[in-house]
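Written out below as structure tokens is the structure these notes cover.
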Amino acid sequence: MKQPLLQSKTYLYATAFFSGMSVMAVEIGASRLLAPYFSASQIVWTIIIGVIMIALALGNVWGGRLADRDPNPARLYRRLIFAALWIAAIPVLGKYVIALISGVLIVAVETNLLVAAAFLSCLAIFVVPLLLLGTVTPSLVKYATDSLDENGSVVGYLGAAGTTGSIIGTFLPTFVTIPAAGTAATFLLFAGVLLALGLGFFLGAGTGKRLCTVSLLAFLACALLGVNSSPAFWETSLAYEGESVYNYLQIKDDDKTTVFSTSVMFSVQSKRIKDGSLTGMYFDYALAAPTLTNGGDILILGMGTGTFAEQCRRYFPTSKPLGVEIDEKIINLSRKYFELPDEIPVIAYDGRAYLQTDANRYDVIMVDAFRDITIPFQMSSLEFFRMVEQHLAPGGVLAVNLNMRASGPGNINERLIDTIAAVFPAIRTVTVESGTNLALFAARDEATLDALPQCAEKLQSRELSTLMRHVAANWQPPVRGGPPLTDDCAPVELLGMRAIDSIIQKELQYYKGIYRHEGFEGLRKALTKAEDAPAPFSLHKNSPLI
């Protein structure tokens, strides 16, 4: 095929550039597509990178063989069009593929459900387009090389063009397209770039008009169906759904409550009861810390939408809460949807980095830092909690939300407790009745924590006083003795994934039992009741997780 565009090789270098850009954009987009379902942990990133590298490697081999067998550039640009249409279809179909694979594995797999589901979802959604994009470089080398004398230079220029595109494809989605327009629009944007390369080739040659027309119509259909695609496609009444640099963001709102989550499946980050009563969640239990100190200066690392800060101000009017939240978009949502008062300051910063710059001491430090369903490793280590201890005032109390009721030796809660115990001599833990959380409290001496019953009696709120007496009657020193987590070795993501997997399996066993004894109708009734549950995973009052 005679193609004027290829005579100067500029179009070939442009193809390398934009293909490299699209590969990295798809990789970044993959993490955001999977995060609402499986988290954005190092484990999920490892799966994404591994699958994509396998696909590219296979594409390199296949592309080289195809170019040797039939050095017709039209074949490459047809593959680019097909890859573009596949990527454009991801916002439309990707969430259903994830749901289908997860549903099958729920029945078929007993362990490592999340890892298996994330791997197979990534495989099903991304292998084909990345395999096709992997054929680009060896094909371009074949088309661009006129003689062996310039072979090295051509390979170098093509590699540089592809790498430069990859650099831009790494930064552009993260800092521009995903925060501004979302993951779906990002997939569509870079799919459009690949489609333009393919269409440009065939239109420049004056051939493939039918292919171009059909491809363009298919792309437009994907754009119309996918641009407003929702990860939580089963939800019909979300008050807000969007994305930031760090998170998927979801808010549900009704007459009684406002709920914030960064995951469509596994977690509730914040909950506000509009009549001002307690939430039934771990925020309420954490109020034991300001109860012991009668409020005071309170630092909240992982502010979220400010539920704990508002409770501190409500029950301890003289307290001075200060929040640190890395995601500025969450801060803005807290002001708009959760009515967080402007007089409660929130700093957009990483919690540990803030401690490194802050010279103040606090009566209460609340550590509630999570990214979707994982704990930031830098805020789970021995070095971090030593830093926290240095920022506590005399008589101060540390409160930590351990968000997974883990079991088995060496589980994530045991490791975190052992880490905190290496810094604080006095520790208590109490199980939150609603949900899967464990609230931890630590101080420099036992007398500080032992004072909770007396402090609870002095509270003016009967509701809070009752809860604090319950906490005092049920908290206990945890079993210690394991190795602490450190900056060098803190596998919290792997430990957290195991805990979540265990929680899911326990919950599924409960519902499988209902299905075996009561059939579909019993299961439907149980799931209908689950919609009113106060916290994730506690889907039924008789659930084994309560």
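The values are calculated or read from the model by the stated rules, or taken from the named source; none is laboratory data. The structure displayed is predicted, hence computed values, not measured ones. Please note: Cβ atoms are built from the backbone with ideal geometry, for glycine as well, and neighbour counts cover all protein chains shown.
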Consider only pairs whose beta carbons are under 7 Å apart and that are at least six residues apart or on different chains; among these, list those whose first residue lies in the stretch 25-38 and is under 14 Å from residue 189 (Cβ atoms) and whose second residue is part of a helix (DSSP H, G or I) and aromatic (Phe, Trp, Tyr). 25/190; 26/126; 26/190; 29/187
Looking at 124, 99, which one is part of a helix (DSSP H, G or I) and at pLDDT 90 or above? 124
In the stretch 238-294, residues that are under 29 Å from residue 103 (Cα atoms), in contact (Cβ under 8 Å) with a residue 40 or more places away in the chain, touching a strand residue (DSSP E or B) at 6+ places or on another chain (Cβ under 8 Å) and hydrophobic (A, V, I, L, M, F, W, C) total 7
Given the criterion at pLDDT below 70, acidic (Asp, Glu), in a helix (DSSP H, G or I) and over 30 Å from residue 42 (Cα atoms), identify the matching residue among 507, 521. 521
Go through the stretch 194-241 and report how many residues are surrounded by fewer than 20 Cβ atoms within 10 Å (Cβ to Cβ), within 30 Å of residue 307 (Cβ to Cβ) and modelled with pLDDT under 85. 8
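Results for (1) in contact with a Pro (Cβ under 8 Å, 6 or more places away or on another chain); (2) within 30 Å of residue 399 (Cα to Cα), shown as yes or no for each residue.
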{"position": "255", "(1), (2)": "no, no"}
{"position": "268", "(1), (2)": "yes, yes"}
{"position": "276", "(1), (2)": "no, yes"}
{"position": "296", "(1), (2)": "yes, yes"}
The one condition in (1) at pLDDT 95 or above; (2) touching a Pro at 6+ places or on another chain (Cβ under 8 Å); (3) over 15 Å from residue 341 (Cα atoms) that residue 323 fails to fulfil: (3)
Residue 429 vs. criteria out of contact with any Pro (no Cβ under 6 Å at 6 or more places or on another chain), β-branched (Val, Ile, Thr), modelled with pLDDT of 70 or more and not in a helix (DSSP H, G or I): no
Test residue 190 against the stated conditions and say whether it is of a type in the set (Phe, Trp, Tyr), assigned by TED's automatic domain parsing to the domain that holds residue 17 and closer than 17 Å to residue 85 by Cβ. yes
Taking residue 115, is it crowded, with 17+ Cβ neighbours inside 10 Å, more than 25 Å from residue 32 (Cα to Cα) and either among the β-branched types (Val, Ile, Thr) or not assigned by TED's automatic domain parsing to the domain that holds residue 184 (or both)? no
Does residue 185 meet the test of being buried (at least 22 other Cβ atoms within 10 Å of the Cβ), assigned by TED's automatic domain parsing to the domain that holds residue 41 and within 17 Å of residue 93 (Cα to Cα)? no
Kindly check whether there is at least one residue in the stretch 414-424 that is within 33 Å of the chain's Cα centre (by Cα), assigned to a loop (DSSP other than H, G, I, E, B) and among the hydroxyl-bearing types (Ser, Thr, Tyr). no
If we scan the stretch 315-324, do we find a residue that is touching a Leu at 6+ places or on another chain (Cβ under 6 Å), outside any loop (DSSP other than H, G, I, E, B) and over 24 Å from residue 492 (Cβ atoms)? yes
Pair list, Cβ under 9 Å, 6 or more apart: the stretch 1-24 residue under 17 Å from residue 190 (Cα atoms) and outside the structural domain of residue 192 (by TED's automatic domain parsing), other residue surrounded by fewer than 18 Cβ atoms within 10 Å (Cβ to Cβ) and modelled with pLDDT under 90: none
Being touching a residue at least 12 places away in the same chain (Cβ under 8 Å) and not in a helix (DSSP H, G or I) is the filter here, so list the residues in the stretch 340-358 that pass it. 340, 341, 344, 345, 346, 347, 348, 349, 350, 358
Single condition residue 470 does not satisfy, out of (1) under 30 Å from residue 278 (Cβ atoms); (2) in contact with a Leu (Cβ under 9 Å, 6 or more places away or on another chain); (3) of a type outside the set (Val, Ile, Thr): (2)
Quick count over the stretch 73-117, residues being farther than 23 Å from residue 182 by Cβ and of a type in the set (Ser, Thr, Tyr), is 2
In this structure, is residue 246 outside any strand (DSSP E or B) and at pLDDT 90 or above? no
All positions within the stretch 44-57 that are touching an Asp or Glu at 6+ places or on another chain (Cβ under 9 Å) and closer than 26 Å to residue 251 by Cα: 44
Modelled with pLDDT of 90 or more and more than 28 Å from residue 218 (Cβ to Cβ) - does that describe any residue in the stretch 16-32? no
Checking 83, 108 in turn, the sole residue that is under 28 Å from the mean Cα position of the chain (by Cα) and without any contact (Cβ under 8 Å) to a residue 24 or more places away in the chain turns out to be 108
